[in-house]
Amino acid sequence: MTKTIADKIKRLRKDNGFSQEEIAEKLNISQSAYARLENGESYSWATHLEKLSEIYGVKPESFLNDDANHFSNQEQAGGMAFQFVGTINTINALSEKLIEQYEDRLQEMKDRIKELKEEIRGLKKQ
């Protein structure tokens, strides 16, 4: 998931002729932090999703869509009611994705803690 979003962010940056430094400055982060975001090594894309949407003129849900070419800022038919529902759906989708990512990270941390405890036990036996 993060890699797919990272690829979309990178493609948008290149398509719009920005350097990593320029986008990092707009996001108020370092170039190296932005590079990690763009390489899929960071989960911070969610923190910057609204600003990235603003910079590139796309809807936030475009980053989460499975279609790699889906970057459209066309207005939704039906006026404000549908836009509001669309915003709620985007927030819900983001929340679910963030929860999944944090659950994955927590599991990784639990696994690492288990490994470290085993290493400590091994050292104590020596």
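Numbers at a glance
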quantity: Selection from region 41-60 of residues that are part of a helix (DSSP H, G or I), without any contact (Cβ under 8 Å) to a residue 24 or more places away in the chain and more than 8 Å from the chain's Cα centre (by Cα); calculated: E50, S53, E54
quantity: Residue in region 5-25 that is buried (at least 19 other Cβ atoms within 10 Å of the Cβ), closer than 25 Å to Y102 by Cα and touching an Asp or Glu at 6+ places or on another chain (Cβ under 6 Å) present; calculated: yes
quantity: When residues of region 49-85 are limited to those that are at pLDDT below 85 and in contact with a Leu (Cβ under 8 Å, 6 or more places away or on another chain), the one surrounded by the most Cβ atoms within 10 Å (Cβ to Cβ); calculated: F63
quantity: Region 32-45: number of residues that are surrounded by 14 or more Cβ atoms within 10 Å (Cβ to Cβ) and more than 21 Å from L98 (Cβ to Cβ); calculated: 1
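The values are calculated or read from the model by the stated rules, or taken from the named source; none is laboratory data. Fair warning: this is a prediction, and the values are worked out from it, not measured in the lab. Counting neighbours? That spans all protein chains shown, and the Cβs are built from the backbone with ideal geometry, glycine included.
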